[in-house]
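Notes for the one structure printed next.
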Amino acid sequence: MIRSWTKTAAACVMSRTGLDRLVGSLSGAKGVPLVIGYHRVVEDFASSAETSIPSMLVSRQMLERHLDWIGRRFRFVSLDEVGARLEGRDGREDPVAAITFDDGYRDFYDHALPLLQRKGIPSAVFVVTDLVGTRRIQIHDRLYLLLTRQFRPSSGAPTPFQTTRALLETLRQAEIEKVIQKLELEVPISEDTFRPFYSLTWEMLEEICRAGVTIGSHTRTHVLMTNESRQRVMEEVSGSRQEIEGRLGTGVQHFAYPSGLFNTAAVDAVAAAGYRFGYTTCTHHDAGFPLLTVPRNLLWENSCLDSHGLFSESILSCQIHRAFDLVSGCRQLHATSQESANGRL
Ligand SMILES: [Zn+2]
Ligand SMILES: [Zn+2]
């Protein structure tokens, strides 16, 4: 994480001099359509951040600011149009941007969709199919909620967010479920607390699909693909695609890797399941399937604030052009351990 005053100063200089776009092109973004990713869209950031991982939230007001800025510089397109551009089928070169939302939270329907429709902006939602229409909430939200309830601040101790991330990135999902069950015995959480985290229902998805929103897959259970067996990964990617296609009667071409985590085995599974486009959160391209590793920029409430806590167009410009990637790059290896051993990255 770059300290905020450094970020503000760097952003001002880079934006004024056009260096943000130059650095963006150096870090591999040139010629690639801009694809933005958000998670939850809420009415009030501060109150939602009391129970939710803050970096998964954007307020409706901040989302509108981002969209207005992007809309003055890019033409908003659907993911199918992004696909056409990537495959060289649209014959145009103007800057285009697509807006996506991960995890399939119900607040997309309540807060994001009315705003997007009012502005005529196409969008896409990547759903976690096993949670659609249920009262179960995302595994990362459950874990974070439980850890915040137990957390006693002490110097040097990892925060609930750091602990959540460390557990998610190291353990298999079945092991995380065991950790959650133990924590739930110690600090039970009421049903009301879960409500803001609910996923969309199939009826809502039918409606938003009819309204032109692209429905993509984000696996069945938000499994982190780099931690699981090949068979489990395959079940997750093909099972979720079949479920959406069966329920909505529409083809599913787009897939987003949960938490942006992928390796070559994950990319191979996404290819085998028949997806045409896969979205990551960094600029690493798989050599065999570049269209299954399309980079996205993830934004949230505070990603474009300056050192005074105010929205900064310069910082948004730097985020869009990935100017900060040079200093805080990707931590992933992206190759399976077998390939690393063979020296094939
Ligand atoms: Zn996700
Ligand atoms: Zn990466």
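Take the residues of segment 265-281 that are farther than 18 Å from residue 83 by Cβ and open to solvent by less than 20 Å² (accessible area, probe 1.4 Å): which is nearest to the chain's Cα centre (by Cα)?
It comes out as 266.
Quick one: would you say residue 214 is at pLDDT below 95 and touching a strand residue (DSSP E or B) at 6+ places or on another chain (Cβ under 6 Å)?
Spelling it out, it is not the case that residue 214 is at pLDDT below 95 and touching a strand residue (DSSP E or B) at 6+ places or on another chain (Cβ under 6 Å).
If residue 336 meets every condition in (1) more than 14 Å from ligand 2 (Cβ to nearest atom); (2) under 15 Å from the mean Cα position of the chain (by Cα); (3) at pLDDT below 95 apart from one, which number is that one?
With respect to (1) more than 14 Å from ligand 2 (Cβ to nearest atom); (2) under 15 Å from the mean Cα position of the chain (by Cα); (3) at pLDDT below 95, residue 336 is out only on (2).
Which residue is least open to solvent (accessible area, probe 1.4 Å), if the candidates are limited to segment 132-160 and must be under 30 Å from residue 208 (Cα atoms) and among the polar types (S, T, N, Q)?
Once the filter is applied, the top-ranked residue is 138.
Among the candidates 293, 264, 283, which residue alone is away from ligand 2 (no atom under 12 Å from the Cβ) and not hydrophobic (A, V, I, L, M, F, W, C)?
When all the criteria are applied, what remains is 264.
Given the structure, is residue 256 open to solvent by less than 10 Å² (accessible area, probe 1.4 Å), modelled with pLDDT of 95 or more and of a type in the set (A, V, I, L, M)?
So residue 256 fits the description; yes.
Does residue 89 meet the test of being part of a loop (DSSP other than H, G, I, E, B), of a type outside the set (Gly, Ala, Ser) and at pLDDT 95 or above?
Answer is no for this residue.
Consider segment 30-66. How many of its residues are within 29 Å of residue 90 (Cβ to Cβ) and among the basic types (Lys, Arg)?
2
Considering each of 142, 152 in turn, give the residue that is of a type in the set (Lys, Arg), assigned to a helix (DSSP H, G or I) and either over 16 Å from the mean Cα position of the chain (by Cα) or at pLDDT 95 or above (or both).
Only one candidate qualifies: 142.
Out of curiosity, is residue 319 away from ligand 1 (no atom under 16 Å from the Cβ), farther than 23 Å from residue 87 by Cα, open to solvent by less than 60 Å² (accessible area, probe 1.4 Å) and at pLDDT below 95?
Yes.
Can residue 160 be described as at pLDDT below 95 and touching a helix residue (DSSP H, G or I) at 6+ places or on another chain (Cβ under 7 Å)?
Taking the combined requirement at face value, the residue satisfies it.
Determine which member of the set 208, 180 is open to solvent by less than 30 Å² (accessible area, probe 1.4 Å) and either touching a His at 6+ places or on another chain (Cβ under 7 Å) or under 19 Å from residue 105 (Cα atoms) (or both).
Criteria check complete, one pass: 208.
Only one of (1) within 16 Å of ligand 1 (Cβ to nearest atom); (2) out of contact with any helix residue (DSSP H, G or I) (no Cβ under 7 Å at 6 or more places or on another chain); (3) open to solvent by 50 Å² or more (accessible area, probe 1.4 Å) is not met by residue 220, so which one is it?
(2)
Condition test on residue 245, is it without any contact (Cβ under 8 Å) to a residue 24 or more places away in the chain, charged (D, E, K, R) and surrounded by fewer than 18 Cβ atoms within 10 Å (Cβ to Cβ)?
So residue 245 passes the test.
The values are calculated or read from the model by the stated rules, or taken from the named source; none is laboratory data. If you're wondering where the values come from, they're calculated on a predicted model, not measured in any experiment. For neighbour counting, all protein chains shown are included, and Cβ atoms are generated from backbone atoms with ideal geometry for every residue, glycine included. The protein model used for the area step is the full one, side chains on, heavy atoms only, and it has no ligands, DNA or RNA in it. Shrake-Rupley method; radii C 1.70, N 1.55, O 1.52, S 1.80 Å.
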